[in-house]
Amino acid sequence: MKTAKSLLVAGLVAGLGLAAPVRAADPVKLAFIADSTGPFEAYAKQTAAGFRLGLEYYTKGTMEVAGRKIVVIEKDSQFKPDVGRNVLSEAFGDDNVDFAVGGSSSAVALAMLPVAEEFKKVLIVEPAVADSITGDKWNRYIFRTARNSSQDAISNAVAIGAPGVNIAVLGVDNAFGHDGVAAFKAALAKTGATLAAEEYAPANTADFTGVGQRLFDALKDKPGRKLIWTVWAGATNPLDKLADLGPERYGIGFAGAGNILPILAQYKRFPGLEGAAYYYYAIPKNPANDWLVAEHGKRFHGPPDFFTAGGFAAAEALVTALDTAKSTDAEKLIPVMEGMAFDTPKGKMIFRKEDHQALQSMYAFRIRVDPNTPWAIPELKREIGIGDMDVPIRNKR
């Protein structure tokens, strides 16, 4: 009787020309994975805030893409590669997410790469920067909106390298540091500057006396301008520690890459310091950055930081790809994303087809100190555009 009654109702609906109810489209499920516990907690919070704001901005507040609601599942990788690998497997397998974004530290991101290949789903890496992520450890399911070590290093070499300049380098002793130094050396050789020495120290180093003296010894008898440049990530600012050792007695100064605002506060003792930055909120001039700065100020009572822009960019890449492909199937997304250009708070980024690295501008700066600003201000000297950097392709595709 129930079946007959159901058929009768269906027939009446059809006869009256009434449409049967349409089931809402399944949501797009995203995993956002970050080192929310551990030394990169600040990076994770910034990336997460930027990602949420970016989704809001690029979906015009609807949190929908291609007619489907966006659902974000956040997971903590705890600064541990095995945890990062496991939570991504859990997200793809148990939670059945369509897409993932994450990788605060390079070590965690590297552990996550094979998982994306295993499940044949796209992972956007943000903000981890080791070259090997889009280099020899890369696979076709990996895209990266974060800059890589080569982009950091090449832009800094362009910003400070010149004939007659002697530079000693201090790198953090991990994949990020070694990749960064290698790229910096290669780029510096094209500027006419001289690399006097390279040193490495663990990320948790507290006493830089020994490494500092070796850097000083390598530079002190060199003619011309003498600089120490660092490639570092962590709570400690090695420039501050090295400055306490008195390099000025040898005529040695410092150069440095951009950093988060708490580290820029320590740069206040280095007026005139030069280098290149990935992002500083007051530099880019475009609608996305204007909105990010204004909205972040309202909600968080301060400007967006270094990694906030990266999370925002990852959201835009994701929305653009899904809106264009009209699918979460990696085999439809990958052709769309290869060579895809998308707008970010830094301006245009482009996923390079060969390795899925986002090509993007960097900013040569000089530090200015304003007593009314709690951090040192990286004032723009010039934009180092995509065409100004010969970023090597390091994968084995």
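The values are calculated or read from the model by the stated rules, or taken from the named source; none is laboratory data. The shown structure was predicted, so the numbers you read here are calculated from the model rather than taken from an experiment. Please note: Cβ atoms are built from the backbone with ideal geometry, for glycine as well, and neighbour counts cover all protein chains shown.
Of note:
- Of all the criteria given as (1) more than 25 Å from G210 (Cα to Cα); (2) among the aliphatic types (A, V, I, L, M); (3) in the same structural domain as A376 (by TED's automatic domain parsing), the one not satisfied by V293 is (3).
- Selection status of A128, in a loop (DSSP other than H, G, I, E, B), small (G, A, S) and surrounded by 24 or more Cβ atoms within 10 Å (Cβ to Cβ): yes
- Pairs, first more than 11 Å from V72 (Cβ to Cβ) and surrounded by fewer than 20 Cβ atoms within 10 Å (Cβ to Cβ) in the stretch 27-41, second modelled with pLDDT of 95 or more and among the polar types (S, T, N, Q), C-beta under 7 Å, six or more apart: T37/Q78; G38/Q78
- Scanning the stretch 344-397 for residues that are among the small types (G, A, S) and crowded, with 16+ Cβ neighbours inside 10 Å yields G347, A358, S361, A364, A376.
- Within the stretch 305-342, the only residue that satisfies the criterion of being charged (D, E, K, R) and over 22 Å from A31 (Cα atoms) is D305.
- One residue from F312, F306, F270 being assigned by TED's automatic domain parsing to the domain that holds A157, in contact with a strand residue (DSSP E or B) (Cβ under 9 Å, 6 or more places away or on another chain) and not acidic (D, E): F270
- Annotation note: of A175, A201, the sole residue that is touching a helix residue (DSSP H, G or I) at 6+ places or on another chain (Cβ under 6 Å), under 21 Å from G103 (Cα atoms) and of a type in the set (A, V, I, L, M) is A175.
- The residues in the stretch 166-214 that are of a type in the set (D, E, K, R), more than 22 Å from the chain's Cα centre (by Cα), part of a helix (DSSP H, G or I) and crowded, with 19+ Cβ neighbours inside 10 Å can be counted, and the count is 0.
- Checking each residue in the stretch 93-118 for being under 15 Å from E74 (Cα atoms), of a type in the set (G, A, S) and in contact with a Leu (Cβ under 6 Å, 6 or more places away or on another chain) picks out only A100.
- For the stretch 89-105, the set of residues classified as of a type outside the set (D, E, K, R), more than 16 Å from K45 (Cα to Cα) and out of contact with any Ser or Thr (no Cβ under 8 Å at 6 or more places or on another chain) consists of S89, A91, F92, G93, N96, V97, A100, listed by residue number.
- Residue match in the stretch 316-331 (condition: of a type outside the set (S, T, N, Q), surrounded by 24 or more Cβ atoms within 10 Å (Cβ to Cβ) and farther than 26 Å from E118 by Cα): no
- Here G50, G61, G93 are screened, and the one residue that is in the same structural domain as A34 (by TED's automatic domain parsing) and buried (at least 21 other Cβ atoms within 10 Å of the Cβ) is G50.
- Counting only residues that are under 22 Å from K60 (Cα atoms) and either acidic (D, E) or at pLDDT below 95 (or both), the stretch 306-342 holds 2 of them.
- For the stretch 84-100, the count of residues that are assigned to a helix (DSSP H, G or I) and closer than 24 Å to A182 by Cα is zero.
- Scan of the stretch 313-354 for residues that are part of a loop (DSSP other than H, G, I, E, B) and more than 14 Å from the chain's Cα centre (by Cα), ordered by number: K326, S327, T328, D329, E338, G339, M340, R352, K353, E354
- Filter pass, A233 being on the phi < 0 side of the Ramachandran plot, assigned to a loop (DSSP other than H, G, I, E, B) and surrounded by 18 or more Cβ atoms within 10 Å (Cβ to Cβ): yes
- Taken together, the criteria place R52 among residues that are in a helix (DSSP H, G or I), within 18 Å of G311 (Cα to Cα) and at pLDDT 95 or above.
- Qualifying residues in the stretch 242-262 (those that are assigned to a helix (DSSP H, G or I) and crowded, with 18+ Cβ neighbours inside 10 Å) - the one farthest from the chain's Cα centre (by Cα): P247
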